[in-house]
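The values are calculated or read from the model by the stated rules, or taken from the named source; none is laboratory data. Note that the structure is a prediction, hence the values are computed from the model and not measured. Cβ sites come from the backbone with ideal geometry, for glycine too, and all protein chains shown count toward neighbours. Protein only, heavy atoms only, side chains kept; ligands, DNA and RNA dropped before computing areas. Shrake-Rupley method; radii C 1.70, N 1.55, O 1.52, S 1.80 Å.
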Amino acid sequence: MGQKEIRLPTTAKGWAVRLSQIIKIANDIHGLARFPVKVSEIARDFTANVYPGAAITAVDGRPLSKNFEGALMPKPGGSGEWGIFYNSAISSPGRINFTLAHELGHYLLHRQLSGDPIYCARRDLWTWDSAYGRMEAEANEFASFLLMPLDDFRQQTDGLRRPSVADFERVKDHYAVSLTAAILKWLDTTSKRAMIVISRYGFIDWSRSSEPLLKSGVYFRAKQETTPLPDASLAALQDTSAEAATGKMLHEGIWSVQEPVFESVLFSEYHDMAISLLIYPDDAPRRPWAVEVSQGFVD
Ligand SMILES: [Zn+2]
């Protein structure tokens, strides 16, 4: 790195942008594709250069307890080195890559806070909202911007007029991220009224809305409530057809009392879970209705 002192970033986005620039330059020089970003290589090479003596020297799958997706751990013995790990029970390359990026985020942003290992549950990888855990949200923000930089992400998704989970399968493969991460990224950037709903055994586990949908007053009620899926939703019907993945228009009264909703659903990424993507009409009903409760959703 020479003798010139290099200022290092201090925020999640700052780190992601810095690493993206390095990756782009390196790949241009070697004539390599910019995507997908190979986190295992970046993590070793970058930290060896910038933090010799405290570098990441192990990137691997580990038999972690089933609740955990990944972990950041100091190497035992006090060498100062670190390892980033994913649960070796995970077979999806996208989940593995996103988890490693998340752990690299913890390394860059949080390793000095305690020096202890950080274990990350599946739910932590879905925490994109700092209200539920600042460190986890930061690690996800880092992973999101490292693996899916906005300039390219917009190119990949701008043409999607009424996207379905099948569209995000393509986006997911382009970036080698989880399907959930690709959809969450899109929800953060879109002007559409849309929502992801993750459900299990017929009940809604969690959901996240795009800003325009939230602003139009549609959101999911408190997490602690047990909310069944709407009976006629594709997720509840366990529709595993190709058509369900490309989406169907469901009339009003199913997901929303007053609006038809375009639902697409996929069951495969997490064995016991369904991932639904809901697209609401662009124009919200003009007059805000009295608070209506339908299947746990407040319109
Ligand atoms: Zn974490």
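The label point for Thr246 and the one for Phe203, both projected 7 Å from the Cα toward the Cβ, are 3.5 nm apart. A dipole drawn for the chain from +1 and -1 charges on Cβ atoms has a positive end, and of Ala232, Ala16, Trp206 the residue lying farthest that way is Ala16. Principal-axis analysis of the Cα atoms of the chain puts helix 12-30 at an angle of about 70° to the longest axis. Rg/Rh, computed from the Cα trace of the chain with Rh as the Kirkwood radius, has the value 1.00. For the stretch 122-202, the calculated P(r) over all alpha carbon pairs, in 10 Å bins from 0 to the bin holding the longest distance, is 16, 52, 29, 3 percent.
Can you give the Kirkwood hydrodynamic radius of the stretch 150-298 from its Cα pairs, in Å with one decimal?
Values: mean 1/r = 0.0648 Å⁻¹.
Hydrodynamic radius (Kirkwood, Cα pairs) of the stretch 150-298 is 15.4 Å.
Would you work out the charge dipole size for the chain about its Cα centre, treating the Cβ of every Lys and Arg as +1 and the Cβ of every Asp and Glu as -1, and quote it to the nearest 20 debye? Mind showing how you got there, number by number?
Details: 32 positive and 36 negative charges, 125 e Å.
Dipole of the chain, to the nearest 20 debye: 600 debye.
Per atom type, the stretch 47-191 shows carbon and sulfur on 47% of its accessible surface, probed at 1.4 Å. Please compute the net charge surrounding Pro260, taking Lys and Arg as +1 and Asp and Glu as -1 over other residues with Cβ under 11 Å from its Cβ. For residues surrounding Pro260, the net value is -2.
Placing dummy labels 7 Å off each Cα toward the beta-carbon, the span from Tyr219 to Thr11 is 2.3 nm.
Projected label points at Ile22 and Val50, each 7 Å from Cα along the beta carbon direction, are separated by 0.5 nanometres. Taking the Cα centre of the stretch 93-141 as reference, the dipole from Cβ charges on Lys and Arg (+1) and Asp and Glu (-1) amounts to some 140 debye.
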